[in-house]
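Right, one structure below, let's go through it.
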Amino acid sequence: MADDDVCLGICYSDSQLFYSVNRPGILSEVQHIGAFDFNFDVQQAVVHGEGKTFSGIKNSIRDIKKRFNCSSVRILSPATEECTTILPRSVYEDTGERESHIRTLMPELDRNKLEITWYPLSNVDQRLLLIRNSDTMKGFRQLLGDVGHAEYVADFELGSEWQSHTQISGSFLAIHCGTDSISISSFLLGKLRGATLIRFDHKDDLPYLWKLFSSRYSWMSGIHEQIYFFGVDAPQIRDTLTPYWDGTGEYLVMDRLEKMRVSAPEETYGFGLEQAFPAILLSLNRENKLTEADHENHNGNS
């Protein structure tokens, strides 16, 4: 990141949008963390990309960009609007097999509307496939506006952002907690091990769902030195899940700047910082070498 690059990081949950602005030239420091409250679902307003609700969000972001003279914007893309799966490397290396799996996963959409990204995993014989509907992302592109650099980042990439920020190299689990879903990603020795999304109707169902999903994905029940919880319902979901785990890891709700290894002028906030954690991370490291190295064939070229 250039010394004079002012980066705006954005995430959202239900009716709130959270943002963070870095302090150029000073490592691990932000100049402002804030939130906007709306009376509608922010994600759905952005996905549709039109109407008064979308204009309200766009105007709020425009004001922040102008206030801090932001030269780059990074926004968290919605895990609930994406398709991810882990496939054998042999599938990735065979053009016909690649296309067959993509069409099987997203048969109802025009192939030209699919944005495809492949990610290497800690298991070199596998690849993680991410599929986005380009129509779904139109609102996000419009939202970011005219800046020098605009980027939307997948939920599971936050682990790479965390590694770049902290230089940790062990094994950890990142859990982004929402009101009706959790996005889970596992990292081992600097590499993504696996990622998935669990939807739920009631939080009390999560222990059962976790057991079900971990029976399919062995990486979920692997040894993790730290388990990071963040998002709107992070404390509640931690309390719901941890009694059913073996207790070998360190369970951390990212609710304080000290835990995030970040400093900021403000000492108190009118919202839980664990909700703004993705925005804070995204504002810190625009030119994330770990994340860039993990991208293959981004945006539609399978």
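Key figures
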| read-out | value |
| --- | --- |
| Matching residues, the range 195-230, being assigned to a strand (DSSP E or B) and either on the phi > 0 side of the Ramachandran plot or free of Cβ contacts under 8 Å to residues at least 40 places away in the same chain (or both) | Ile198 |
| Filtered residue count, the range 212-255, keeping only those that are of a type in the set (Lys, Arg) and at pLDDT 95 or above | 1 |
| Selection from the range 119-135 of residues that are surrounded by fewer than 20 Cβ atoms within 10 Å (Cβ to Cβ) and in contact (Cβ under 8 Å) with a residue 40 or more places away in the chain | Pro120, Ser122, Asn123, Gln126, Ile131, Asn133, Ser134 |
| Count - residues of the range 258-272 that are out of contact with any helix residue (DSSP H, G or I) (no Cβ under 7 Å at 6 or more places or on another chain) and of a type outside the set (Phe, Trp, Tyr) | 8 |
| Flag for Ile237 being in contact (Cβ under 8 Å) with a residue 24 or more places away in the chain, part of a helix (DSSP H, G or I) and of a type in the set (Val, Ile, Thr) | yes |
| Subset of the range 36-54 that is charged (D, E, K, R) and within 21 Å of the chain's Cα centre (by Cα) - its residue that is farthest from Asp14 (Cα to Cα) | Asp37 |
| Residue within the range 138-146 that is under 16 Å from the mean Cα position of the chain (by Cα) and on the phi < 0 side of the Ramachandran plot present | yes |
| Qualifying residue in the range 242-249 (condition: surrounded by 15 or more Cβ atoms within 10 Å (Cβ to Cβ) and in contact with a helix residue (DSSP H, G or I) (Cβ under 6 Å, 6 or more places away or on another chain)) | no |
| Residue list for the range 256-302, restricted to those being charged (D, E, K, R), crowded, with 17+ Cβ neighbours inside 10 Å and at pLDDT 95 or above | Glu274 |
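For every residue, the table says whether it meets (1) farther than 18 Å from Ala154 by Cα; (2) among the charged types (D, E, K, R); (3) not in a strand (DSSP E or B).
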{"position": "Tyr12", "(1), (2), (3)": "no, no, no"}
{"position": "Leu17", "(1), (2), (3)": "no, no, no"}
{"position": "Ser20", "(1), (2), (3)": "no, no, no"}
{"position": "Ile33", "(1), (2), (3)": "yes, no, no"}
{"position": "Phe36", "(1), (2), (3)": "yes, no, no"}
{"position": "Ile64", "(1), (2), (3)": "yes, no, yes"}
{"position": "Val73", "(1), (2), (3)": "no, no, no"}
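The values are calculated or read from the model by the stated rules, or taken from the named source; none is laboratory data. Predicted model only: the values in this text are computed from it and were never measured. Heads up, the Cβs are rebuilt from the backbone with ideal geometry, glycines too, and the neighbour counts pull from every protein chain shown.
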